[in-house]
């Protein structure tokens, strides 16, 4: 996967998450395993203000190919940042695959505290 395209997609997703626009986030990742209500609840329960991923921290994105996937897919774990604590222990978990046109497509698998 092209890291520049991956970083752009992840940045868009985290920015929408940080803005609280869960409906737009799920339109960007329509096959997600969570819904807007679950995302809003997870953010509220965490109790801190999520912020967009600082570009200097793209190297923290953990990306592992999913063996045997067709089309090729990657399991992606994104560390999240908050205004209160900087890098937090909250992560956004995604599956990113490549469409037949070569475009990257994301699916939100969940948000978890490590």
(Q) Residues that are surrounded by 16 or more Cβ atoms within 10 Å (Cβ to Cβ) and touching a residue at least 60 places away in the same chain (Cβ under 8 Å): does the stretch 43-58 have at least one? (A) yes
Q) Of everything in the stretch 66-79 that's touching a residue at least 60 places away in the same chain (Cβ under 8 Å) and assigned to a strand (DSSP E or B), which residue is nearest to the chain's Cα centre (by Cα)? A) 78
Q.
Based on this model, can you work out whether residue 14 counts as touching a residue at least 40 places away in the same chain (Cβ under 8 Å) and closer than 22 Å to residue 114 by Cα?
A. yes
**Q.** Scope the stretch 80-114; condition without any contact (Cβ under 8 Å) to a residue 60 or more places away in the chain, part of a strand (DSSP E or B), under 29 Å from residue 48 (Cα atoms) and in contact with a strand residue (DSSP E or B) (Cβ under 8 Å, 6 or more places away or on another chain); matching residues
**A.** 81, 82, 87, 88, 89, 90, 91, 93, 95, 112
Q: Take the stretch 29-59 and flag every residue that is within 19 Å of residue 5 (Cβ to Cβ) and part of a helix (DSSP H, G or I).
A: 55, 56, 57, 58, 59
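Quick note: the coordinates plus some simple rules give every number you see, no bench work behind them. From a predicted model like this one, the values you see are computed outputs, not experimental measurements. FYI the Cβ positions are ideal-geometry reconstructions off the backbone, even for glycines, and counts take in every protein chain you see.
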